[in-house]
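**Q** Can you read through this structure? Questions will come right after.
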Amino acid sequence: MVKKILICSDTHANNNYLKEAIAINKPDVVIHAGDFCCNLSVINEMVDYIVAGNNDTQGEEQLYFSLFGVNIFLTHGDRFISYFCNSKENAQRIYDSIITKDLNLIVYGHTHIECVDYVGDVLAINPGSISVPRNRSSRKSYAIITIKNNKIVEKTFEEIIRYL
Ligand SMILES: [Mn+2]
């Protein structure tokens, strides 16, 4: 059983980029880490799991769920992120806020800069922004993870290279 998960964040109402990423990758599950900035019912047609960002007025602040044997904590992260910290320190701050430590993956967003870190054995992925990047390359980014036999076996950052 091989499952492909698309992880995105900070679409900021530019849903066409996510639509494109879904069309290209045909993921089994789509996760959105917040700041969708549109009606929740609209973005819900494209995603399976989503949380509210600091610019959203609808949605859960955090979700904890299991996907194909991988335990995932999803939050936008704005309450814990400091721009004076590097990504590993921010991932640690989010980890420290989580009550349930039976975790394999933390997904967060907010910084619009893609990064991957480990807090102990827990993988922390920020996919960056799929529409409003703030990384040095100005690339619109998202992440794809592959789960096989209850484990994350591959993780990549992808770039939006075609514009609808
Ligand atoms: Mn935000």
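**Q** Identify all residues within segment 62-84 that are within 16 Å of the ligand (Cβ to nearest atom) and either out of contact with any Leu (no Cβ under 6 Å at 6 or more places or on another chain) or of a type in the set (Phe, Trp, Tyr) (or both); write none if there are none.
**A** GLN62, THR75, HIS76, GLY77, ASP78, ARG79, PHE80, ILE81, SER82, TYR83 - these are the residues of segment 62-84 that are within 16 Å of the ligand (Cβ to nearest atom) and either out of contact with any Leu (no Cβ under 6 Å at 6 or more places or on another chain) or of a type in the set (Phe, Trp, Tyr) (or both).
**Q** Would you mind finding the one in ASP96, ASP102, ASP121, ASP117 that is touching a helix residue (DSSP H, G or I) at 6+ places or on another chain (Cβ under 7 Å), farther than 15 Å from GLY34 by Cβ and surrounded by fewer than 19 Cβ atoms within 10 Å (Cβ to Cβ)?
**A** ASP117
**Q** Going through segment 48-62 one residue at a time, which ones are of a type outside the set (Gly, Ala, Ser) and closer than 11 Å to SER9 by Cα?
**A** Result: ILE50, VAL51.
**Q** Turning to a different aspect of this structure: Filter segment 86-119 for residues that are of a type outside the set (Val, Ile, Thr), more than 16 Å from the ligand (Cβ to nearest atom) and in a loop (DSSP other than H, G, I, E, B) and give the result.
**A** Across segment 86-119, the qualifying residues are ASN86, LYS101, ASP102, LEU103, ASN104.
**Q** Pick from GLY59, GLY53, GLY34: which is away from the ligand (no atom under 12 Å from the Cβ), part of a loop (DSSP other than H, G, I, E, B) and touching a Gly at 6+ places or on another chain (Cβ under 9 Å)?
**A** GLY59
**Q** Condition first: under 14 Å from the mean Cα position of the chain (by Cα) and surrounded by 13 or more Cβ atoms within 10 Å (Cβ to Cβ). Can you find one or more residues in segment 79-86 that meet it?
**A** No, segment 79-86 contains no residue that is under 14 Å from the mean Cα position of the chain (by Cα) and surrounded by 13 or more Cβ atoms within 10 Å (Cβ to Cβ).
**Q** Let me ask you something else. Confirm whether LYS19 is among the charged types (D, E, K, R), without any contact (Cβ under 8 Å) to a residue 60 or more places away in the chain, more than 16 Å from the ligand (Cβ to nearest atom) and not in a loop (DSSP other than H, G, I, E, B).
**A** No: the conditions fail for LYS19.
Only the coordinates and a few stated rules stand behind these numbers; no lab work does. Here the structure is a predicted model, which is why all the values come from computation and not from measurement. Using ideal geometry, Cβ is built from the backbone for each residue, glycine included, and neighbour counts are taken over all protein chains shown.
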